[in-house]
Every structure is written in C-alpha cells, then in structure tokens.
1. With the checklist (1) free of Cβ contacts under 8 Å to residues at least 40 places away in the same chain; (2) closer than 30 Å to GLY130 by Cα; (3) among the β-branched types (Val, Ile, Thr) in hand, flag the one item ILE40 doesn't pass.
2. Please verify whether the range 94-105 includes one or more residues that are exposed (fewer than 15 other Cβ atoms within 10 Å of the Cβ) and basic (Lys, Arg).
3. Looking at ILE111, ILE64, can you tell me which residue is of a type outside the set (Ser, Thr, Tyr), closer than 26 Å to LYS33 by Cβ, surrounded by 14 or more Cβ atoms within 10 Å (Cβ to Cβ) and in contact with a helix residue (DSSP H, G or I) (Cβ under 8 Å, 6 or more places away or on another chain)?
4. Among the numbered criteria (1) closer than 21 Å to TYR94 by Cβ; (2) surrounded by 14 or more Cβ atoms within 10 Å (Cβ to Cβ); (3) not hydroxyl-bearing (Ser, Thr, Tyr), which single criterion is violated by GLU44?
5. Tally up the residues in the range 109-132 that are over 19 Å from the mean Cα position of the chain (by Cα) and either at negative phi or at pLDDT below 95 (or both), please.
6. Residues being touching a strand residue (DSSP E or B) at 6+ places or on another chain (Cβ under 9 Å) and farther than 18 Å from LEU166 by Cβ: count how many of those fall in the range 123-145.
7. Where in the range 30-122 are there helices (runs of 4 or more DSSP H), lying wholly inside it, with at least 2 residues that are over 30 Å from ASP156 (Cβ atoms)?
8. Residue by residue through the range 19-29, note down the ones that are at pLDDT below 95 and outside any loop (DSSP other than H, G, I, E, B).
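The values are calculated or read from the model by the stated rules, or taken from the named source; none is laboratory data. Computed from a prediction, not measured in an experiment: that's the story for all the values here. Virtual Cβ from ideal backbone geometry, glycine too; neighbours counted across all protein chains shown.
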Amino acid sequence: MQEKLLIGTVLKPQGIRGEVKIKYYTDTPEDVKKFGRVFIDGEERRILSFRTDGEAVYLGLYGIADRNAAEPLRGKEVYAARADAPVPAAGTYYIVDLLGCKVFTQTGREIGELVKITPAATDVYTVRQGEKEILFPAVKGLFTEISPENHRIVVDETRFNEVAVL
C-alpha cells in the first residue's frame, strides 16, 4: 500500500498572505484539516490555518508567507501521510488502494484494470481494456465484491451493462 494518499489539488493562491485554494478529494472538507500536515511536491507542510466554503478548502501552510510563494503550488497535487489518515469505515476504501485492481463480472469475465477514479457526487471509474477505456459510475447494486488486498473488484454484469459507457 502506498504511504501517501492523494487528498486534493491546489487550484490557485488565495489572497496576499500565501493561502492556497484546494479542490479536496476527501469525504468532507474538514477531513483535510484533520491531517495536520500535507505534502506538496514531496515537501511536508504543516497546516497553519484552515477554512472552507463547502466547495473548496483554503489552507495557510508553514513556509508559504505570501502570494508569490504560493503561486508555484498552482496545479500541484496535495498528499497526506497514510499514518495520519483514519481507518476507512467498513465498505469504504481509499482511492489509491483501488487503483490497479482488475475488474471482473460475477461470471468471471475480465473487464480490465482500474486506472482512475474521478471523485464526484457519484464517483466515476475508468477501466482500461487494452487501448480502450470504459467509464462507469459507482452506482448502487453494481459492486458484488471489492477486495483491494487481492487487487480484485467484481461487478454485477447486468447492472454494469446498464451504466457503463463503452
């Protein structure tokens, strides 16, 4: 398992005091604050201030004193240490733990490898099958087994055929 979890992306500097606006990938914006520290470009940054508008989080980070220092962070991915993360509730998983899993139907037909999960109101999964990509939303009744430790996800074939974009 990876030691770092992707929790967001820096959208832009915010204001003149070095604050950054972050698109968060956690369940709630407050989850970002709980980490206490983040990693951007491999460099650890303590969170000094936190606020949210519900759509994004705004962080003041140690060592980022003004807008000029914050500007190079634009577009960078924000990671947190797995050791700082809470254990996921039963039936929930960190995205990074699902990437690379093989996706199968319950009849054993291999659909492909999970290469991307786009966080949204209903997450969108991207599976690569050779050169082809298949997208599908994580809707109710679709998954019959999720086993990151075995690198395996099983979907109901009928439900998959209803929602997949081939």
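1. Just one mismatch for ILE40, condition (2).
2. no
3. Working: ILE111 fails: closer than 26 Å to LYS33 by Cβ.
One residue alone meets the criteria, ILE64.
4. The single condition GLU44 does not satisfy is (2).
5. Counting residues in the range 109-132 that are over 19 Å from the mean Cα position of the chain (by Cα) and either at negative phi or at pLDDT below 95 (or both) gives 7.
6. The number of residues fulfilling the criteria is 4.
7. Details: elements: 30-35, 67-70, 95-98.
Qualifying helices (runs of 4 or more DSSP H): 30-35, 67-70.
8. Start the filter on the range 19-29 by keeping residues that are at pLDDT below 95, which leaves 23-29.
Result: LYS23, TYR24.
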